[in-house]
Amino acid sequence: MDFAFSPEQEALRDLARTICQDHATQDRLKAIEREPEWFDRELWAALAKANLLGVALPEDVGGSGLGLEELCLLLEQVGAAVAPVPAWSTLVLGALPIAEFGTAEQRRRWLTPVVAGDAILSAALVELPAEEPAQPQTRAVREGVGWRLDGVKDCVPAAHLAAVVLVPASIGENELGVFLVEPSALGVTLEREVATNKEPQARMTLAGVRVGADAMLGDAARGRAIVEWLVDRAMLGLCALELGVAERALRITAQYTKERKQFDRPIGSFQAVQQRAADAWIDVEAIRLTTWQAAWRLDRGLPARDEVTVAKFWAADAGHRIVYAAQHLHGGIGVDVDYPIHRYYLWSKALELTLGSGARQLARLGEALAAER
C-alpha cells in the first residue's frame, strides 16, 4: 500500500483547505450556528465552483471521475474547518450509491444538481435502538406498480435541506429495498433533532408513503448488499472527517501551549504537557493510517469490511482521547465558547457515536472473528 499522495491529490487537498479555511472563519461559524438551517451556502457554492462536490462522481454527470481517496481528502478539510456543510450526507450517503447503483435517469436527476451545488442528498440509516442499518424495521409493501413505506428513521442528517433521502426498508422476510424518498412527499413527517455539534438532524416518520417503481435503487435482491456497501463508505467518510477534526484540534493546542506561559515559561516546555501532546499525536497518526488503509482498499475494489471497522474504532476511540487532551491542555479557556477549540470536541463526539461507537466496532470485529472459526 502506497499512502503517498500524487501531486494532483496534494493540489486537491490544498484547494479544499484554502476554500474551507477562507470561508469557515470563527465569526462566520458563530453566525451560522445562530441560524436554524446550519448551512454555509457561500462555502457550499465555492466548493461547487471549484468542482469539488463532484470529485468522486462520474464525468457523465459533470463530476471529475476520481475516487474515494480524493473524496476523503475533501472531507478531511471539511472536518479540519468544522465547516457547517452537508458534505458527508450529500457526497457519501446520497451521491455515491446513486452513482454506483442508480439508473441513468436517477443519476441524471439527482447527481447533476449535486455537482452544481443545487441539491442536497441524505440517507436514513438509523433506527433506534437497532444497531444494523441493513436490518431495518421500516417496511415496504407492493401497492399497484409502486410501493408503500411505513416506519421511523432517526438521526437523518440534512433532512431539512435534502431533495431526496435514501431509505432502506425490509420487503417480506428476506429482501430489502433502498428507496429514493422526497421529504416533501405525502406521509413524510420530519421532527427536528439536534446533534452534539449543533447540526440539525431529523426523525423521519413514513406513514403510508407511496413511491413509484422507479424510486428503488437497484433491486430488492441486491438491497442488503447495497446498504452494506453504503455503510462501509459512510463509516470511512466519518473517519476522514474525524482525521481533520482531531489533527486540527491538536495543532490549535500545540500553538496555544507555545504561547501560554506559566512561571515565565511556555507551558509546552513542561514534560507532562509534552507527554500528553505526544500521546495525542500518536493517536492522530493511528487514525490517519487506518483511514487511508481502508480508503486505499475500497478504492481498488478489495475486501475492506474489517479495515473500515478498525478505522472507525480508531476514529471513535482515539478521536475522543485527542480532543479530550486538547480541552484539558487548554485549561479554563477550553470551555469558552468564544474560543474555537470547543467545536472540535463537540464534532468529535458526534462523529464518535455516529454509526457505532468504538465499543460497537470492537463487537463487530469480534463477531467477524467468531464467524471465521
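Structure remark: mean-square fluctuation, Gaussian network model of the chain, C-alpha springs under 10 Å; the largest value among 236, 75, 43 belongs to 43. Note down the net charge around residue 150, summing +1 for each Lys or Arg and -1 for each Asp or Glu among other residues with Cβ under 14 Å from its Cβ. Cβ neighbours under 14 Å give a net charge of +3.
Given the DSSP H assignment, sum -39500 (n - 2.57) over each helix run of at least 4 residues in the chain and divide by its residue total; what's the result at 222 nm in deg cm²/dmol, nearest 500? Walk me through the intermediate numbers first.
Details: 11 runs with 186 residues, N = 373.
Calculated mean residue ellipticity at 222 nm is -16500 deg cm²/dmol.
Full extension of the segment from residue 279 to residue 194, taken as 0.36 nm per residue of separation minus the current Cα-Cα distance, would add 27.4 nm. Build a GNM of the chain with springs between Cα atoms under 10 Å apart, and of 48, 221, 311 the one that fluctuates most is 221.
The residues of region 7-95 have, on average, 37 Å² of accessible surface per residue, using a 1.4 Å probe with all protein chains present.
Of the peptides 268-275, 59-66, the ranking by mean beta-carbon count within 10 Å, highest at the top, reads 59-66, 268-275.
Helix 7-23: angle to the longest alpha-carbon principal axis of the chain, degrees 0 to 90, nearest 10? Helix 7-23 sits at roughly 80 degrees to that axis. Compute the signed sum of charges (Lys and Arg +1, Asp and Glu -1) over the other residues within less than 13 Å, Cβ to Cβ, of residue 267. The answer is +3.
Can you pull the percent of the chain's accessible area that's carbon plus sulfur, 1.4 Å probe, other chains left in place? Walk me through the numbers on the way to the answer.
On the way: 8590 of 16230 Å².
Reported share for carbon and sulfur atoms: 53 percent.
Summing Cβ point charges (Lys, Arg +1; Asp, Glu -1) relative to the Cα centre of region 1-130 gives a dipole of roughly 320 debye.
Taking a Cβ cut-off of under 14 Å around residue 17, the surrounding Lys, Arg, Asp and Glu residues balance to a net charge of -3, with basic ones at +1 and acidic ones at -1. Just to confirm my numbers, what's the Cα centroid distance between region 326-367 and region 224-295 in Å? First find each Cα centre; the distance between them is then 10 Å. Within the listed set 189, 309, 290, the residue fluctuating most in the Gaussian network model of the chain (springs between alpha-carbon atoms under 10 angstrom) is 189. In the context of the full protein assembly, residue 314 retains an accessible surface of approximately 70 Å², using a probe radius of 1.4 Å and ignoring ligands and nucleic acids.
Helix 358-372 and the longest principal axis of the Cα set of the chain meet at an angle near 60°. The three principal axes of the C-alpha atoms in region 126-171 carry coordinate ranges of 31, 26, 13 Å, sorted with the longest axis first.
As I understand it, the value is the acute angle between the Cα axis of helix 271-299 and the longest principal axis of the Cα atoms of the chain; what does it come to in degrees, rounded to 10? The angle comes out at about 30 degrees.
How large is the charge dipole for the chain, taken about the Cα centre, if only the Cβ atoms of Lys, Arg (+1) and Asp, Glu (-1) carry charge, to the nearest 20 debye? All intermediate terms of the calculation are to be shown ahead of the outcome.
Details: 39 positive and 51 negative charges, 117 e Å.
With Lys and Arg at +1 and Asp and Glu at -1, about 560 debye.
Judged by the mean number of other Cβ atoms found within 10 Å, the most tightly packed of the peptides 122-132, 88-98, 334-344 leads the ranking 88-98, 122-132, 334-344. Charges on Cβ only, +1 for Lys and Arg, -1 for Asp and Glu, centred on the Cα centroid of the chain; of 318, 221, 72, which one is farthest towards the dipole's positive end? Toward the positive end, the furthest listed residue is 318.
The values are calculated or read from the model by the stated rules, or taken from the named source; none is laboratory data. What you see is a predicted model; the values in this text were computed from it and never measured. So basically every Cβ, Gly included, is an ideal-geometry build from the backbone, and we count neighbours across all protein chains shown. Calculation scope for accessible area: heavy atoms of the full protein, side chains included, ligands and nucleic acids excluded. Shrake-Rupley method; radii C 1.70, N 1.55, O 1.52, S 1.80 Å.
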